[in-house]
Each structure stands twice: as C-alpha cells, then as structure tokens.
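To start, the structure itself, in structure tokens.
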C-alpha cells in the first residue's frame, strides 16, 4: 500500500457556525495515520527486541505477590509525560517483563503451549487496527464471511467430517476459549432436552465427564444451572490410560434413568489436560445413543494434531458427535485467543442463543435466508473480535504443510524427551505420550530409608520437590504438574514455537541434575 | 530498546544425538525477531495507510451476501505463495476492506462507537506480541497485578466509589464484553440466593429489567437457567424518558413474592442502548432493598462519561449497588474488546466461578491470602487476554484529561447535531440527548394526504425509508435505528475518534436532503 497522502487536520473547522452554535474545541488527535506509523514502528521494534532476547529471561519470574502493585501510582496520570510511549515501554521492559511468565520462551514447557508466530501476532495487530465489530453480517460483512470460510478451511485442514462445515450443512465459529465453546453447546443441549421433557425437569438434568475432564466443563455446567450433584464424574484408571470407560458411562446413565433423572450431555476429551488421554469417542457415542445425549468433543489442545494424517485415528468416531472444539491458539501458532467450535446443526445453537426481539436495534433483513449468519447468535457475547483474520493470515502466510511440520517437530522433540526419561532407571513415564506432552516422575523409592513412610506419599512429595527445584533454576525449563490417580507427576509440554532440540536436551539435563541432588540430599542415592 | 543482537539459528543442532535418537528436522521458523520486524513494519504501514484513506471509504459496504465467500478457495493453501504477506495484504485491501463496515470512519454514527486510538490498537499489538495467558497470578504475575492496578485507576478516573476498588475492599477485572459481565454477576447472585432459599427454588427465581435493557441481559439470564417466563420486562414510557419506574419494579416484585416467587436480580441501565436513558439507581435500590435483590448497573456506553464531573450526577446511587460494568472499548479509545466489571464483594464472584479442585493442574499456593487474585475465578473463561496492558498504555500515553476532552468534544458535537435537528420543524428529537447520542425522526405528517393511513405507522415507514436513503449514500453518514414505544427513530451516535465538526454538519445535510427528497416524492412537501 502506498504511503498515506495526507494526514487529517484536527483544527477547528473554520466555517461559520450554523444554528448559533460553535464547537470551540475538537477532540484531541488520538488516531492519526502518521503518528500511528511512528508509534507502531516502536512497538514492533520493542516486540522484536523481546523475541531476540527471549532466551535471556527466566521463564517464570522470581517475584513475590505485590511486587508490581507497590511500584505503581494509585491513580492514572491526568497529563502524559513527555514522550510517554517511550517511558511506558521502559516500564514494560524494566517492571513488567521481569514479572511476566514468558510463555514464548523456548524453555516454557508448562501447561499447554500458547502457540505464537510472527503472523499470528501481527494478525492480531491488523485486526486491532481495523477494529470492526462483526456481531451481524451487516455490521461487517467481510468479517462474517471470512470467518465462515476460515472455519471451513480449518475443519478441512484437520480432516474433520464435512458435516461440521458450512459446505456440508454444519458450521463453525471462532470464540475466545474452549470454556465458551462448552458453555454454548451445553446451553444448546439443555434447551433441546427441556423442550422434549419439559422445563420443570431442569433440576433432573445430568451431565457426564471423566475425572480427567477440564474444570471448564464443571464451570460451564454450573453457569448453565446444572446442579453440582448432577455432574457425574466417572473415574478413570491408569491401566485404561486415563480414558473414559464407555461401560461405566453407560451404567451411570442407566442408573440415572432408573432413578428418574434425565441424561443430558457427555463431554468427551481428545487429549485431556493432565495427560492428553483420549476418550474412546465411537464407543462412547454407542453407549449414550439410547438416551438422546448431546456429545461434545473437547480437543482443545490435541485437535491441532489432526492436521497430521498419522493422528487421525484418534479422531475416529467424531462424525457421530454433535459438536467439537479445539484451540488454534494452543498449537497452530494463532496467538491468544482463538477457539474453533463446530456443530452439525448450528440452527440448534441459534435457537438457544439467538436474539430476535423485534424492537432490538440489530434487526436485520440482510441475513434472512441467504446462507450467511449473524454470529452474535452463536455465542455468549454480542461484541466480538475479528479472529478469522489472524487465522486466515496464518494459513495464507505459512500454509498447512508448515503447520503440520510444526506439530510433527514438537512431537519428535517430545519423543526425544520421553526416550531420555525412559533411559533413566530412576524415572518413569506415567501416561503414554500421545502428542507432545510427556508425563513423568521419579519412581518411588523401592525401600524407603525412613521405614515408616508411605512410599506413595513420599513419591509425591519427592516429585513436588523436584518440580519446584527445576522451576527455581534461573535459566532452566519451566514445567507444570498434575495429580492423576493419586500420583503427582511432572508435565513437559513441548510446543513453544521457539523450542529447539537443545532446549529439550537442556531441560532434561536440569531435571536429571536436580533429581540427583534431591535424591542425594534425601539419602536415597549415594 | 536496542536492536536485537542476534537472530536464532533454526538449523538442526549439530551435537551428537544421545539415547540413539536423532531429531532430523527442526520446526519451521515461524517466530523470528528480524522477520517479525520486517513483517511488522508492513502491517503498521498498511494500517497507517488505511487510516489515511479512511474518509475515502463508504462506511457501510455496498455488498450482497456471499460476495466474499464466493471469491475465496474452499481450502487453505498447503504452501504459501511467494511473498504471501504482500499477497494477503493485497487481498485485505481489494477484497476485505471494500466489504467491511468501517467502524473507525468519521462518518460512522451507528450503534455505539467502537472507540479506537493509535495507542489502543498498539496496546493490543503489544499484548499479542507478548502472548501471555494470565489465568492465575503465577501464570503471569505482572499481568495480574497490572490488571488489579488499572481497574482501580479506571474506577478512580470514573469517580466510582472506593468500595468498588481493590483499595477499598472491592475489586474489578477486565472481561471482553458486558454480556460476560452480566452473566458472571447473575450467576453469582443466583448462587447467593439459592444458598439462602434452597437449590430447589431455581425455577422460582425472577429477574427484572426494563423494555429498554440490552438483550444481553435476556441472553445471560437464559444461559444461567432463569426461566424465560421469569424475566419481568417493565414497560417504560416516553414521558418518563424511557427510564425504569421504581414504583413499577416494586409492585412487580411484590406481586412475585405474593405468588411465591423469589426476586433475584435487577439490571439497571445507565445509558440504555436505544436512547441512552438513565434508570433512577438510588430509587431503584430503595425499592428492591426489602427483597435482597442483587442490583447490577450496566453502564456499557455511558460509564465512560463519568470521567467528566458534569456527568457524575447520573451515577448517583451507584454506591448502593452490588456491581457495575462499562466498556472502555466504547468511548475510552481502548479498542475492541474491553469491559470493566467491578464488585463490592469479589469473594461472592469467586465463590460462584472459582475452581479449586485439588487435582487440577493450576493449584497454586502463591495466591493464598496475600492480596492478589487468580483471575480465572472471576470469569467464564480460563484462557484470558492481557487487556490491562492496553488500558494502562492509553492512560499513560494520553492521560485522563485528554480522555475527558474526547468525551466532552463528542458531547458537544452531539449537541450541535441535536440543535440542527431542533432547528428543522419537520423533525423532532424523540428522547432527551444525555450523552453523545441523538435520537430523532421526521415528524408524522399532521394530515396524511392518503387519508386512510394511520399516521403512526406511516411515520415509522417514512423514517425507515429515510434511514435507508441516508445509509445508501456512498459518502454519507452511517446511522442506525431503534424502535422505542412503538416509534421508529434514527440514532446518530457521535463517538468515532476521527469525527470532526464537518462530519457532523455533513451528516445533518445528508439527512435533510434525503428527507426533503422523500417528503417530496410522497407528496408531503412541495
């Protein structure tokens, strides 16, 4: 695009006021093409400098609560300082960067990745620059249509069944998070079921998940008015690799039906948060079919892996479910936040969340029956972001092959870490590595030296100490933990865009060294 | 910040593989300091060029549904084109910009403004660059603490009572939208009430609003499981300036109590969406006090005006409510999306939305009892954005005086528009202009020429025709409508950061000219 040919004059309009009114001051000039460019370059330079220096930061800051609050004034300034942006960026560098957790560090192995890329970040910047609010088709037609195209692109790239695409009679949307996706589908399912059994049965609705399901599901169920006592949390077992048992779901539902309750919703996970366990979707669909239960697949993290054909068997059976969601911001370099939700029957979602009161100011004839949608009826919120722009840019600028290569490279690095764990007899891999997360721990000491201790409790304590020691190292990796089947384990999630083989090898070395030091201190190793 | 001293090498690590494993390919380099700078400048240039050219665009695109979908391929590319970013930006310029509604146009007077600024947009860009996920304090301490500081700054700048600030025992958070704020407080109120009256009374809970309340409230109530039949929509009257009547609320609640129902929640609006009506908060609080009802003030748009002392009387009584929310993205140049929610007792919110299962991987000792918070427990979602960064930058770089000047300038421009409407005998201002929205219409013809027509229906038709004509002009203003008390009116919402006096005068001229043409065509004017 050519440089701007002019900047706006923000002086008072000199023409004689009409109607006896004079507007004596114009608003301050807070949006100006030239100023935006000058300031924009500085922001870009700052972020670029941050990326260049990423390895210098300790992933997790060594700060204590209150460290920042106590350094900032209690009120906003009434006037900006001279060159306030420079001063503010100095504060970002000196006060804020030392106090954030560096999710983009190549040594960030905690939680799941917040997957970033140049284009993902800049797609956000471009959307912020346009600053449109595409709540209806009319409120920004191209934004709505691009979203419809890109959710289909994404579904196709992930090899999802065509029935989830607009092209196949289904459809999708970009929300912020999986929590929203689960809430929206749960409310949809609730409305559909109550229409069938009567609104008075609200208190009898029962939802199902495993003890590995993300707490977002419990929160969504609670928000939607499902009684806490009506959330069936099915226990999983290590010998089942922490996957949900269809037989147990089936029997739990039958017990509920026998007790006069109404089974409503099953949240199946493909890639649970603690260990990336994969629930057996086809068998679960068969098990719940007699009860007309809505099945949602939460593939928040692992959904990205479906871009690789070699992972597709883990999505078997997905054609039978009602809805599926995954987060391109976790592993498809699309920056925070972005959750894709697809449904086979979007009309049920619109029936639950749509707003078409005649008197509202958004009444809109343009979208009646012409194959485009008003996305305000697909989510909790009216105001929404133009998230499709960044995902579209990511696809355009990188292509699906490169995204597949990213996933594969991370998986290979996780395999490397897994092999190093397995090569150390003191350690064990607690759950199968399916994607790029390795769940491991130091084995419980075979014969605790203290004698009196419970080896189970001691092993948990040992591994908690190990994680704290690993995360305390100033240039070491940052990992997280989970407690699964009573066992405390360390989670090494490979997925930062900057992570290379050397970071994974270094991370393992830190784990080994810290493990050795702890075992020696405890007298369990010479 | 100094230029980066190095870029990362993304070649295969040359050191000999250990454990018999070779990582043969590294992930593609999708996040690189130098590449980010080069591409970043292009994005900045593009947005800068868009701002320079803003006046050239028709605010609302002249496109028909399907215009974009039919031009895009059905699948994402597997490989990027040569210089894919340039190609994509060409497509943004040639395909997308002609199809979006230009919310930043100085001629955008529809809905409420999506208030933008250089720093607001760049604050988003910076947050996207850092790409942290501050769901707990530990997950990004500085992001959490900055949010705590900035919500207090904002509350102070808006002259809210100290009881809503962390400094005064309350507290706030930045969410995406008012819809989320209302949903979160409604669920909190519901839980508090059910704890008092018993979970079995869920079906008896009743919520209250006016016929002017935003549909977000109905959606939130529905999501939270409140029966549609239990939403009391109190009628407002033009002679009350469309404000909620405390007497009618009181009597509706008494009727519900007499019928064995349980009053739960009142959503009062300061600045309704159709006409910016202001509900009488102090009198409403007195009216509902006997029933232990949660009162929330939705000041999504008008809350920004509290930065000016001259508007503070409209916030009278706010010290008595439980929660209040407003959107800095509407009128405080903080770019989409950003909603501030404050509560006097945040602990009730955390009780409703908090997740502290022992086995979840976010269990976190750092935040127990030390005055900082885990914001995941303050909202629907776990993953969240670092919104505080942009609001902090807006305050730092502009100062509260400039933000006050923006609001005042827009109000003066709206006063100008209002005076021009009042100066034309064919027109009327339908509802009092309180902030920067003018609600107006052509008066119904005194003696319809057709004779048989209902002047009420004809006036609505006339004004609908007028709005369509105004919005069809290619360089004219873009306005929206509302139907209030059966009357269709045009809404001219001044608030785009780029709007100057000339745009307001031009907008009025277009309205006058189109009105004249329509009246002539209908034979109502010579």
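Rule-based calculations on the coordinates, nothing more; no lab input. Keep in mind that this is a model prediction, so the values were computed, not measured. Reconstructed Cβ throughout: ideal geometry from the backbone, glycine too, with neighbour counts over all protein chains shown.
Here is how the numbers come out for the structure above:
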{"read-out": "At 7 Å out from Cα toward Cβ: residue B:90 inter-copy label distances (nm, ascending)", "value": "4.5"}
{"read-out": "Where rotation carries A onto B, the chain A residue whose Cβ is nearest that axis, in whole Å", "value": "A:225, 1"}
{"read-out": "Inter-copy separations for residue A:457, label at 7 Å along Cα-Cβ, nm, ascending", "value": "8.2"}
{"read-out": "For the stretch B:294-341 versus the stretch A:240-265, the gap between their alpha-carbon centres in whole angstrom", "value": "46"}
{"read-out": "Percent of beta bridges antiparallel (DSSP, the protein assembly as shown, rounded to nearest 5)", "value": "55"}
{"read-out": "Ordering of A:126-133, B:255-262, B:284-291 by packing [mean C-beta count within 10 Å, highest first]", "value": "A:126-133, B:284-291, B:255-262"}
{"read-out": "Cβ-vector label at 7 Å, residue A:257, separations to other copies in nm", "value": "4.6"}
{"read-out": "Gyration tensor (alpha-carbon) shape descriptor, the stretch A:249-362, a/c threshold 1.5", "value": "oblate"}
{"read-out": "Shape call, chain A: gyration tensor on alpha carbons, a/c limit 1.5", "value": "oblate"}
{"read-out": "Average beta-carbon neighbours from other chains, 10 Å sphere, peptide A:58-65", "value": "4"}
{"read-out": "Sites residue A:517 and residue B:426, calculated FRET efficiency, Cβ-Cβ separation with R0 56 Å, nearest 0.05", "value": "0.05"}
{"read-out": "Extension gain (nm, one decimal) between residue B:525 and residue B:229, 0.36 nm per residue minus Cα-Cα", "value": "101.8 nm"}
{"read-out": "Cα gyration tensor shape for the stretch A:401-521, rounded if a/c is under 1.5, else prolate or oblate", "value": "prolate"}
{"read-out": "Percent of beta bridges antiparallel (DSSP, chain A, rounded to nearest 5)", "value": "55"}
{"read-out": "Full-stretch length increase - residue B:70, residue B:259 - with 0.36 nm per residue and alpha-carbon distance subtracted", "value": "62.4 nm"}
{"read-out": "Average partner coverage of A:221-227, which counts Cβ from other chains inside 10 Å", "value": "6"}
{"read-out": "Calculated log₁₀ intensity ratio I(q)/I(0) where the Debye formula runs over C-alpha points of the protein assembly as shown, q = 0.07, 0.08 Å⁻¹", "value": "-0.60, -0.79"}
{"read-out": "Ranked packing of A:195-201, B:380-386, most packed first, by mean Cβ within 10 Å", "value": "B:380-386, A:195-201"}
{"read-out": "Calculated FRET value between residue A:237 and residue A:201, using beta carbons and R₀ = 25 Å, to 0.05", "value": "0.15"}
{"read-out": "Ellipticity estimate at 222 nm from DSSP helix runs (n ≥ 4, -39,500 (n - 2.57)) divided over chain B, nearest 500", "value": "-12000 deg cm²/dmol"}
{"read-out": "Chain A - percent relative contact order, Cα under 8 Å, separation 6 or more", "value": "20"}
{"read-out": "Relative packing of peptides A:33-45, A:428-440 - highest average C-beta neighbours within 10 Å first", "value": "A:428-440, A:33-45"}
{"read-out": "The stretch A:133-385, relative contact order [Cα under 8 Å, separation at least 6], %", "value": "27"}
{"read-out": "Cα centroid of the stretch B:470-526 to Cα centroid of the stretch B:63-89, whole Å", "value": "36"}
{"read-out": "Residue-averaged beta-carbon neighbours from other chains (10 angstrom radius) around B:146-158", "value": "3"}
{"read-out": "FRET efficiency for residue A:55 and residue B:162, using Cβ-Cβ distance with R0 set to 30 Å, rounded to 0.05", "value": "0.10"}
{"read-out": "Paired Rg and Dmax values of the stretch A:133-385, which use every Cα atom, in angstrom", "value": "17.8, 58"}
